[in-house]
1. Find, among the chymotrypsin sites (Phe, Trp or Tyr not before Pro) in the stretch 143-201, those assigned to loop by DSSP (not H, G, I, E, B) with at most 16 other beta-carbon atoms within 10 angstrom.
2. Quick one: plug the Kirkwood hydrodynamic radius of the chain (C-alpha pairs) into Stokes-Einstein at 20 °C, 1.002 mPa s, and report D in µm²/s.
3. In whole Å, largest first, what are the principal axis extents of the Cα atoms in the stretch 1-111?
4. Net charge around Ala159, counting only other residues with Cβ within less than 10 Å of its Cβ (Lys, Arg = +1; Asp, Glu = -1)?
5. Pick out, in residue order, every one of the chymotrypsin sites (Phe, Trp or Tyr not before Pro) in the stretch 198-264 that is DSSP loop and has at most 13 other C-beta atoms within 10 Å; say none if there are none.
6. Before rounding to the nearest 500, sum -39500 (n - 2.57) across all DSSP H runs of length at least 4 in the chain and divide by the residue total; then give [θ] at 222 nm in deg cm²/dmol.
7. Rounded to the nearest 5, what % of DSSP beta bridges with both residues in the stretch 2-326 are antiparallel?
8. Quick one: work out Rg over Rh on the C-alpha atoms of the stretch 215-271, Rh as Kirkwood radius.
Amino acid sequence: MALRQAIRLRRERRQRQWRAFRKRRQLKPVADRTAKIAPRDVIVFCTLRNERVRLPYFLRYYRDMRVGHFIFVDNDSTDGSREYLAAQPDCSVWTTTASYKAAAFGMDWLNHLLRKYGTGHWTLTVDPDEFFVYPFCDTRPIDALTDWLDTYHIRSFPAMLLDMYPKGPIDAVPYREGQNPFEIACWFDAGNYMISRNRKMQNLWIQGGPRARVFFAEDPAAAPSLNKIPLVKWQRGFVFASSTHMILPRGLNMVYDEWGGEKASGCLLHAKFLSPLTAKVAEEMQRREHYAGSREYEAYSARLGTEPDLWTKWSEKYINWRQLEILGLMSKGNWA
């Protein structure tokens, strides 16, 4: 049984590699500065569409973390995102008008670029509304974390997606370009999470938080997954299998301790619930390019008209990574 499973997973990995290789033809370079990537650079990989208002803070956040280079796939933006990124000296940009859905929700494009430019580097694959938090991130740059991971021959590092939200209706306070989103969306759920194990891929499956509580209240099991493995020391044979929720070979998904220990982990602060969400939902309801027939965006569309308040008396106001560790949402493990 184990041998058959291993053969099936090896076949799936090769199929995904082949898909990524074929879909490379859909990508057209806009600004290729990859020759500037230094051997020890940590590289951010990101797919986006119409996220111009978010980009200045996104870049500043990761530059402050000492990320060395950014590689973007722009999926036919019409708001100036592509032009803005192409003007940034530490960004390489590809564009495509092809279907996001048909490209495995953008992962075929990123798997190709990860293989070509990420091999041998620590790579951080995130969305424009995801902000990586790791132990000691307030005092140590990201290469301090990756150096420690290299020392212990750890190849992948997990981060739970933590949905952040404002107090009051999502549209009540307009988000300004360049603003720290967590000045507005500074609250999160400290509990209310369901965890199970995916035996096929050997990863933990996490659901819950405000999306399960508000937008999927009638069927929490249908809520989006919150488990991610964004930080990976990339090698040529690696592929993301389902966004950054799972990766092959599946040994990279074993980022937790089965025997009661505590491996180091982080969080991705998710700044989705801000004023730009309303326009984003309207656009995606027209495009229908997201997972499961855009089920998640259907849930948003059904509730946003009622101006829901995600805040409850059990909500926690974000302070720092140490607070998240105390609450059990991330861990420094044995990194001192």
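Computed from the coordinates by the stated procedures, all read-outs in this text should not be read as laboratory data. Only a predicted model underlies this, so the values are computations on that prediction, with no experimental measurement involved. Every residue, glycine as well, gets a Cβ built from its backbone with ideal geometry; the counts of neighbours run over all protein chains shown.
1. Working: sites: Trp148, Tyr152, Tyr175, Phe182, Trp187, Phe188, Tyr193; in loops: Tyr152, Tyr175.
Counting only loop positions with at most 16 other Cβ atoms within 10 Å, the chymotrypsin sites (Phe, Trp or Tyr not before Pro) in the stretch 143-201 are Tyr152.
2. On the way: Rh = 20.4 Å.
Stokes-Einstein gives a translational diffusion coefficient of 105 µm²/s.
3. Result, largest extent first: 50, 32, 24 Å.
4. Values: positive: Lys228; negative: Glu130.
Taking every Cβ under 10 Å from that of Ala159, the sum is 0.
5. Numbers: sites: Trp205, Phe215, Phe216, Trp234, Phe238, Phe240, Tyr256, Trp259; in loops: Phe216, Trp234, Phe238, Tyr256, Trp259.
Those that pass, being in a loop and sparsely packed, are Trp259.
6. Working: 8 runs with 86 residues, N = 336.
Estimated from H runs of four or more residues: -7500 deg cm²/dmol.
7. Numbers: 26 of 46 bridges.
The antiparallel fraction comes to roughly 55 percent.
8. Values: Rg = 13.9 Å, Rh = 13.5 Å.
Rounded to two decimals, Rg over Rh is 1.03.
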